[in-house]
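Working notes for the structure below.
The values are calculated or read from the model by the stated rules, or taken from the named source; none is laboratory data. Keep in mind it's a predicted model, so treat the numbers as computed, not measured. All Cβ positions, glycine included, derive from the backbone under ideal geometry; neighbour counts span all protein chains shown. Only protein heavy atoms, including side chains, enter the accessible area calculation; ligands, DNA and RNA are left aside. Shrake-Rupley method; radii C 1.70, N 1.55, O 1.52, S 1.80 Å.
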Amino acid sequence: MSARGILWGSTALVLLACLVLVLLIVATKVTRTLRDRRTSALVAPHRADLLAVGSGEDEDGTHRDALIAVEGPAREALDDALVDLLAKVRGVPAEELAAVLLAHGAVDRAPHDLKHRSTVRRARAAHLLGLCHVGAALPLVVDALRDPAAEVRVAATRALGLLREPSAAPPLLAAVGADRAVPAGPAGDALEQLGVGIADALRDGLLATSPTTRTVAAYLSGEGTFTRSIDLLRLSLRTDEDPVVRATAAVALGRMGRTADVAVLLEGTQTHQPIELRRACAAALGDLGDPSAVDGLRALLADPDPRIAEIAATSLLRLGPIGRAAVDGAPTNASIESARAVARLQGSLS
Amino acid sequence: MSWDGLVDGLRSTVAWLMHITSTPILIYFTVINLSYLALIVLAFVDFRAQHRRREAIVETFGGALTPGVSLVVPAYNEEAGIVTAVQALLSLRYPRHEVVAVDDGSTDATFERLRDAFDLVPIPREIPQDVPTRARVIDVHVPRDGRTRLIVVRKENSGRSEAINVGVNAATEPLVTMVDADSILEPDALLRVTQPFVDDPNRMVAAGGAIRPVNGSRVVSGRIVKVQMPTSWLARIQVVEYLRAFLLGRTGWARFGALILISGAFGIFRRDVIVEVGGLDPDSIGEDFELVLRIHRRLRDEDRDYRVAFVPEPVLWTEVPSTTSVLRSQRRRWHRGLWETLWAYRGMLFRRRYGRVGFVALPYFWIFELFAPLLEMFGIIIVPLALALGVVNVPYGILFLVLAYGLAVLVTLSAMAAEEWAFHRHERWRDLGLSLAASVLENFGYRQLTVWWRLEGWWASLRRKKQVWGVMTRTGFDEAGG
Amino acid sequence: MTAAEGIRVLVADDDPDIRDLVEFKLTQAGYAVEAVGDGLSAWEAFQTEPPALVILDVMMPGLSGIDVLRKIRESGAATVPVLMLSAKSRDSDVDTGFAVGADDYVIKPFSPRELLHRVNGILARVR
């Protein structure tokens, strides 16, 4: 093939591809509009029944029964609408919507759909199992935490939060640090819903190999006041190699620590520690609110880092008369004055 | 020498040039555009995976592990819009954030407007020097109500980079982002752009957000209420440009694991990492770009496991130049910054330690971003010349141009297709049509102009440098309108 | 049950399901409901004729619920009661809302019956 021929050929190819793309853009927009319209059209006749059930205006159950009776292609579209609605309401309406899904067999199909080829179907199946509180499906949803598709993993995470089974805590914590990871935040949200039964899982999480797992475990220990984690949190603050874990442990100890934890937090404020950790620990001592921290905080008032000095002053002012006396007694500087000024503005100091 | 002889000589020179360069140039154009397509495909895969998750994200307001954010707003003579801007930033939907406005020695009423609007009172706070700064901090103010999370720092005038560094020093939250006073953030922007940090709190060090031109859209109370295409063709073409570059170029690179250019105006960073690498370099015109490279280099030098992410959904809207003169100085500045930063970090090229950044991203930027205008200019000159001298015939010439620019249009159309699929922001058919038209029109003049301006900027930078014992020194730039 | 007598209620939520549900529930109870899908429309409707009660979703594109609430509180009809709808959150959304002047909060997923009770309660208090 001659150079001229190649040039003609590639040009024709490029122009053709351009044409295809313009058509693709237009087609995308059109398809989306059409698909949405079609789904709405299928659901539209039943919208009134949906709203009646969803808003709890279905005393005698006639609307619910009408929805159950729907057959054919409309049923599938309706099931999707039901799932959407179910996520937005609670109480009796939620139970009734779930009942329709159950009667349609959607709930029975869901465990099977967790193995479906399509990512969307798997994710929706996990979502459904969570919304309908199908406790029996727990092992399957836990398995879905390792699904190849990120979207399904996230859906499984959320579903586990809705299922509220504490036994899901260890796999959730492990999944956060896995290769096919589950995002830490949503996992934390889910874990928060599992109740107090996760205390042991959190302890194990604090010793996990993945720093993300340790972070989530430390965070939740503080948020849920899991005092059983305290000794391990102290260890994390002192020795963890990951600065985020250490900082999270400091915050957690600040929230639920007691007198015995002042020492480890003060240790965190020492000059050889990383600057961000020093500041976090100084602030945590203010949260903790134990007067035995006064001496250690007072020593920081003259620290060359003005931020930690101001944090220490603020924390002392939060410790009541003893703290205030320590601040008043120390030689004044810009940081102390600044802490006083802010406290005055916030109304916590007259 | 006779005129004919001159023309003959020129003809044979051009013929020879065409002979040796036409194929390499065509290959260059093909590779650059195919690589863009590859990045677009990578981005598209990412879109599909993230699509449904995106809708759910803003529902998890204040979810677990949501980090606090400090918004640093450097301001120089912004009296007209600073109060609206700060108000809009303060009222962003986010559980924990503060605004740190840094008045870079404004000569107008920037500070006074803030003081009056927010009832500011001075506090004697000493700002830490986590990032060493040269300029003196004058004072610090906070609102009298003790509740509004605003800090206003006044400093001596020394430029945007130093203003940002002072802002970083004054910031109290673990994440920091820099926002210019004339930019608009979406109300849920912080929720979206912090999502990578919520998902991976230990490794994520920086995230970027896509920018779109705000020209033509309807803004009420500092919020975008309707996205519309601008009225001027110059701005319309830039809308398409930004779409292509930010939305897809960045996402693709992030997916590939080698995101080095976060953006010109919106990036969010872990504060401790900014401090660790020394903040923005006030002597570099590369700003954010330079900072990101410095972060890559430092963290890879230390063999740390880290991530940089990109959030493709537009989070920030900014006014783009609507006149050619402002556009010109912008493009000159950008290319100068690109050149100087790439040169400064040339030590990272092809070193195994720097992984994909050193082996793929940086070389790519050298070849296809830095040198692109040079090769394009060569093509712009040589092809018409060859046509005029009869070295090549008209069909060939046209074919050449169509292939070179046709591919560019193809790339832009792919960007639009993906955007339409993922975000469908342009509601009206008319706007979609305008975008399509702009993507074609771009190649008839606009593109060539930007090529020339980029070369201007590069040349200006080269001329002003003096090589002194291997150390680059500068003789001074005129920053404003430079 | 309070006699709703066609009292005007403005509902703003960009989620059509929530919008329709709230409209349905309140209409069944006798209220005259105007439902819009974004903040700007809500503000414009409010300015045209202030209703007896406004229900705003916090999260809406363009002008958010908090933005609209702020505008209402700074307007001539500042005392109109406002109820906010918000996704489950830690605290800050609720704090901000009350600080700006919301009268009540309903967290999603919500109980439609509870929403109705709160609406009735607010309007009874106002009268």
Against the definition (open to solvent by 10 Å² or more (accessible area, probe 1.4 Å), part of a loop (DSSP other than H, G, I, E, B) and hydroxyl-bearing (Ser, Thr, Tyr)), how does C:Ser75 come out, yes or no? yes
When the range C:19-38 is examined, which residues are found to be within 10 Å of chain A (Cβ to nearest Cβ) and under 12 Å from the mean Cα position of the chain (by Cα)? C:Val22, C:Glu23, C:Leu26
Considering only residues that are of a type in the set (D, E, K, R) and open to solvent by less than 60 Å² (accessible area, probe 1.4 Å), look in the range A:65-83 and name the one that is nearest to the other protein chains (Cβ to nearest Cβ). A:Asp79
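For B:Val140, state whether it is within 11 Å of chain A (Cβ to nearest Cβ) and in a strand (DSSP E or B).
When the stated conditions are applied, B:Val140 passes them.
Tell me which residues, restricted to the range A:127-149, are free of Cβ contacts under 8 Å to residues at least 24 places away in the same chain and over 13 Å from A:Ala110 (Cβ atoms).
The initial filter retains those residues of the range A:127-149 that are free of Cβ contacts under 8 Å to residues at least 24 places away in the same chain, namely A:136, A:139.
Scanning the range A:127-149 gives a single hit, A:Pro139.
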Among the residues of the range A:13-32, count how many are at pLDDT 80 or above and facing chain B (nearest Cβ under 10 Å). 1
I need the full set of residues from the range B:304-328 which are over 15 Å from the mean Cα position of the chain (by Cα) and either in a helix (DSSP H, G or I) or free of Cβ contacts under 8 Å to residues at least 24 places away in the same chain (or both), in order please. B:Arg304, B:Thr324, B:Ser325, B:Val326, B:Arg328
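Determine whether the range A:236-251 contains at least one residue that is over 23 Å from B:Arg270 (Cα atoms) and without any contact (Cβ under 8 Å) to a residue 60 or more places away in the chain. Show your work before the answer.
Here is the first cut: in the range A:236-251, the ones over 23 Å from B:Arg270 (Cα atoms) are none.
No, because not a single residue in the range A:236-251 is over 23 Å from B:Arg270 (Cα atoms) and without any contact (Cβ under 8 Å) to a residue 60 or more places away in the chain.
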Among the strands (runs of 3 or more DSSP E) confined wholly to the range B:182-256, which include 3 or more residues that are open to solvent by less than 30 Å² (accessible area, probe 1.4 Å) and not basic (Lys, Arg)? B:204-213
Can you tell me which condition B:Leu338 does not meet? The list is (1) in contact (Cβ under 8 Å) with a residue 60 or more places away in the chain; (2) hydrophobic (A, V, I, L, M, F, W, C); (3) buried (at least 20 other Cβ atoms within 10 Å of the Cβ), and all the others hold. (1)
Residue list for the range C:29-69, restricted to those being farther than 27 Å from C:Asp95 by Cβ, assigned to a loop (DSSP other than H, G, I, E, B) and in contact with a strand residue (DSSP E or B) (Cβ under 9 Å, 6 or more places away or on another chain): C:Tyr31, C:Glu49
Among the numbered conditions (1) surrounded by fewer than 14 Cβ atoms within 10 Å (Cβ to Cβ); (2) under 34 Å from the mean Cα position of the chain (by Cα); (3) more than 11 Å from chain C (Cβ to nearest Cβ), tell me where A:Leu102 comes up short. (1)
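Which is within 30 Å of the chain's Cα centre (by Cα), among the acidic types (Asp, Glu) and surrounded by fewer than 18 Cβ atoms within 10 Å (Cβ to Cβ), of B:Asp119, B:Asp108? Can you show your working first?
Working: B:Asp119 fails: within 30 Å of the chain's Cα centre (by Cα).
That would be B:Asp108, the only listed residue that is within 30 Å of the chain's Cα centre (by Cα), among the acidic types (Asp, Glu) and surrounded by fewer than 18 Cβ atoms within 10 Å (Cβ to Cβ).
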Members of the range B:15-30 found to be of a type in the set (Val, Ile, Thr), in contact (Cβ under 8 Å) with a residue 40 or more places away in the chain and more than 12 Å from chain A (Cβ to nearest Cβ), listed by number: B:Thr21, B:Ile25
Among (1) without any contact (Cβ under 8 Å) to a residue 12 or more places away in the chain; (2) closer than 20 Å to A:Ser236 by Cα, which single condition is A:Leu288 missing? (1)
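Here are B:Ile398, B:Ile382: which of them is within 14 Å of chain A (Cβ to nearest Cβ) and in a helix (DSSP H, G or I)?
Details: B:Ile382 fails: within 14 Å of chain A (Cβ to nearest Cβ).
Criteria check complete, one pass: B:Ile398.
Where in the range A:236-350 are there helices (runs of 4 or more DSSP H), lying fully within it, with 2 or more residues that are within 14 Å of another protein chain (Cβ to nearest Cβ) and open to solvent by 10 Å² or more (accessible area, probe 1.4 Å)? Walk me through it before giving the result.
Details: elements: A:243-256, A:259-268, A:275-288, A:294-300, A:306-317, A:321-329, A:334-345.
Those helices (runs of 4 or more DSSP H) span A:243-256, A:275-288, A:306-317, A:334-345.
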Does the range A:169-191 hold any residues that are crowded, with 24+ Cβ neighbours inside 10 Å and in contact with a Gly (Cβ under 8 Å, 6 or more places away or on another chain), and which are they? A:Ala169, A:Leu173, A:Gly185, A:Pro186, A:Gly188, A:Ala190, A:Leu191
Condition first: surrounded by fewer than 22 Cβ atoms within 10 Å (Cβ to Cβ), touching a helix residue (DSSP H, G or I) at 6+ places or on another chain (Cβ under 6 Å) and closer than 20 Å to B:Ala189 by Cα. Now tell me which residues in the range B:68-91 satisfy that. B:Val83
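In the range A:166-185, what count of residues is obtained for those that are farther than 12 Å from B:Asp200 by Cβ and of a type outside the set (Lys, Arg)?
From the range A:166-185, those farther than 12 Å from B:Asp200 by Cβ are A:166-175, A:178-180; that's our starting set.
In the following step, the residues that additionally are of a type outside the set (Lys, Arg) were identified as A:166-175, A:178-179.
Total meeting the criteria: 12.
Could you tell me whether A:Thr39 is in contact (Cβ under 8 Å) with a residue 24 or more places away in the chain, among the hydroxyl-bearing types (Ser, Thr, Tyr) and either within 25 Å of A:Ala123 (Cβ to Cβ) or more than 11 Å from chain C (Cβ to nearest Cβ) (or both)? Working first, answer last.
Values: in contact (Cβ under 8 Å) with a residue 24 or more places away in the chain: yes; among the hydroxyl-bearing types (Ser, Thr, Tyr): yes; either within 25 Å of A:Ala123 (Cβ to Cβ) or more than 11 Å from chain C (Cβ to nearest Cβ) (or both): yes.
Yes.
Does C:Ser41 qualify as being of a type in the set (S, T, N, Q), within 10 Å of chain B (Cβ to nearest Cβ), within 14 Å of the chain's Cα centre (by Cα) and more than 15 Å from C:Leu10 (Cα to Cα)?
Numbers: of a type in the set (S, T, N, Q): yes; within 10 Å of chain B (Cβ to nearest Cβ): yes; within 14 Å of the chain's Cα centre (by Cα): yes; more than 15 Å from C:Leu10 (Cα to Cα): no.
No, not satisfied.
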